[in-house]
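Colleague: Sending over a structure as structure tokens; questions will come in a sec.
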Amino acid sequence: MTQHIATRFRRTKRTPALRALVQERVLAPSDLIWPMFVTDGDATRTPIPSMPGVERLSVDLIVEQARAARDLGIPAICLFPYTDPALKTQGCEEAWSPDNLSNRATRAIKDAVPEVAVMTDVALDPYNINGHDGIVRDGVIVNDESVEALVKMALAQAEAGADILGPSDMMDGRIGAMRTALEDEGYQDTTILSYAAKYASAFYGPFRDAVGASGALTGDKKTYQMNPANADEALRLVARDLDEGADMVMVKPGQPYLDICRAVKDAFGAPTFAYQVSGEYAMIMAAGQQGWVDEDAVMMESMMAFKRAGCDGVLTYFAPRVAALLNG
């Protein structure tokens, strides 16, 4: 007598329709935040060699990209400025100038494409002559003075119309200080997406090229960013930032830290994001350009990995390509 196999997992894999019916995770353009680099000038494009396909764009072209995001169904973009080295100082004063690149781009986008959410970066490294996320005194990245500067930066971005503030600095107490200042100044509706678990990672190299921080950086960021060996600490940091008033939290980098994404989502149930950082992007692009992997397939598989790990959304330089594929 022929033995029958009662449970055949291949039954639900037989056709695309059956596979779609049992798919556990769904990726949509609304899951994406598109990071962009803004530079001075008009109609200016500057390719970033270590990030193939990514450019620094002047404000007018950033507005065009925001329109493209809207048309693709991408709900939010994130701005990172390439600051003129002449404007970088020890005190990072340009960080809270109402007319710095980030704030000019924010106002231009909100005027032209108000339905697209603008996220900004709250950290001092683009404005710091030392390349650090906080103010440096006698070789030490000082915490409390940095928080005071970051609060001024956050208020300037909120005044410019930013929908989401992204504190990426990892200074202690900055979320609570920002939330208090925002409430006091009438910006109670401004959202904070905290880089709560940001690791001192080697995957950030191309990003530092993009914002012009590579040459400026003195030393490393291990005294304030996380040790890649630590996981429990990530949960403590997320708990603190949520208690201090963060609305959403982020794990950075992304794919090497999927275990952290899963743990954060399981522990808190809060809106959880990952940043597929520049090094992750560059590796996929490099392998694809060499013909070693199917670039689109690996890109989409990496996106689904974030969803499977519990992420509600992903910051990724692949955002327009992913959205275009999802839109058919």
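The values are calculated or read from the model by the stated rules, or taken from the named source; none is laboratory data. All figures in this text were calculated on a predicted structure; none of them were measured in a lab. Note: ideal-geometry Cβ built from the backbone for every residue, glycine included; neighbour counts use all protein chains shown.
Colleague: Go through the stretch 122-216 and tell me which helices (runs of 4 or more DSSP H), entirely inside it, have 2 or more residues that are surrounded by 19 or more Cβ atoms within 10 Å (Cβ to Cβ), at pLDDT 95 or above and under 20 Å from the mean Cα position of the chain (by Cα). Walk me through how you get there before you give the answer.
Modeller: Numbers: elements: 143-160, 174-184, 205-211.
Here the list reads 143-160, 174-184.
Colleague: What number of residues in the stretch 209-242 are among the charged types (D, E, K, R) and free of Cβ contacts under 8 Å to residues at least 60 places away in the same chain?
Modeller: Restricting attention to the stretch 209-242, the residues satisfying the condition of being among the charged types (D, E, K, R) are 209, 220-222, 232-233, 236, 240-241.
Those still in the list that are free of Cβ contacts under 8 Å to residues at least 60 places away in the same chain too: 220, 222, 232-233, 236.
So the answer is 5.
Colleague: Which of the following residues is of a type in the set (A, V, I, L, M) and touching a strand residue (DSSP E or B) at 6+ places or on another chain (Cβ under 8 Å): M283, M303? Walk me through it before giving the result.
Modeller: Details: M283 fails: touching a strand residue (DSSP E or B) at 6+ places or on another chain (Cβ under 8 Å).
None of the others qualify; the one that does is M303.
Colleague: Filtering the stretch 240-263 down to residues that are within 20 Å of G173 (Cα to Cα) and under 17 Å from the mean Cα position of the chain (by Cα), which residue is surrounded by the most Cβ atoms within 10 Å (Cβ to Cβ)? Full working, then the answer.
Modeller: Of the residues in the stretch 240-263, the ones within 20 Å of G173 (Cα to Cα) are 240-252.
Narrowing further to those that are under 17 Å from the mean Cα position of the chain (by Cα): 241, 246-252.
Working: D241: 25, A246: 25, D247: 16, M248: 19, V249: 26, M250: 29, V251: 31, K252: 24.
Here the residue is V251.
Colleague: Quick one: how many residues across the stretch 9-35 are under 30 Å from E64 (Cβ atoms), surrounded by fewer than 22 Cβ atoms within 10 Å (Cβ to Cβ) and out of contact with any helix residue (DSSP H, G or I) (no Cβ under 6 Å at 6 or more places or on another chain)? Explain how you work it out, then say what you get.
Modeller: Applying the first criterion (under 30 Å from E64 (Cβ atoms)) to the stretch 9-35 yields 26-35.
Pick out the ones that are also surrounded by fewer than 22 Cβ atoms within 10 Å (Cβ to Cβ) and you get 26-30.
The next check asks that each one be out of contact with any helix residue (DSSP H, G or I) (no Cβ under 6 Å at 6 or more places or on another chain); those that pass are 26, 28, 30.
Residues flagged as under 30 Å from E64 (Cβ atoms), surrounded by fewer than 22 Cβ atoms within 10 Å (Cβ to Cβ) and out of contact with any helix residue (DSSP H, G or I) (no Cβ under 6 Å at 6 or more places or on another chain) within the stretch 9-35 amount to 3.
Colleague: Can you tell me which condition Y281 does not meet? The list is (1) without any contact (Cβ under 8 Å) to a residue 60 or more places away in the chain; (2) assigned to a helix (DSSP H, G or I); (3) not charged (D, E, K, R), and all the others hold.
Modeller: Looking at each condition in turn, Y281 falls short on (1).
Colleague: I would also like to ask the following. Hey, can you tell me all the residues within the stretch 217-230 that are assigned to a loop (DSSP other than H, G, I, E, B) and among the hydrophobic types (A, V, I, L, M, F, W, C)?
Modeller: So in the stretch 217-230, the residues assigned to a loop (DSSP other than H, G, I, E, B) come out as 217-225, 227-230.
Result: L217, A229.
Colleague: Now for a separate question. Please pick out the residue among V251, V298 that is outside any helix (DSSP H, G or I), β-branched (V, I, T) and either closer than 23 Å to R179 by Cα or free of Cβ contacts under 8 Å to residues at least 24 places away in the same chain (or both). Spell out how you get there, then give the answer.
Modeller: Numbers: V298 fails: outside any helix (DSSP H, G or I).
Residue meeting the stated conditions: V251.
Colleague: Additional query: Select, from D99, D111, the only residue that is of a type in the set (D, E), at pLDDT 95 or above and outside any loop (DSSP other than H, G, I, E, B). Steps first, please.
Modeller: Working: D99 fails: outside any loop (DSSP other than H, G, I, E, B).
Matching residue, one of D99, D111: D111.
Colleague: Right, something else. Quick one: which of A123, A200, A196 is closer than 25 Å to D99 by Cβ and of a type in the set (G, A, S)?
Modeller: Details: A200 fails: closer than 25 Å to D99 by Cβ; A196 fails: closer than 25 Å to D99 by Cβ.
Matching residue, one of A123, A200, A196: A123.
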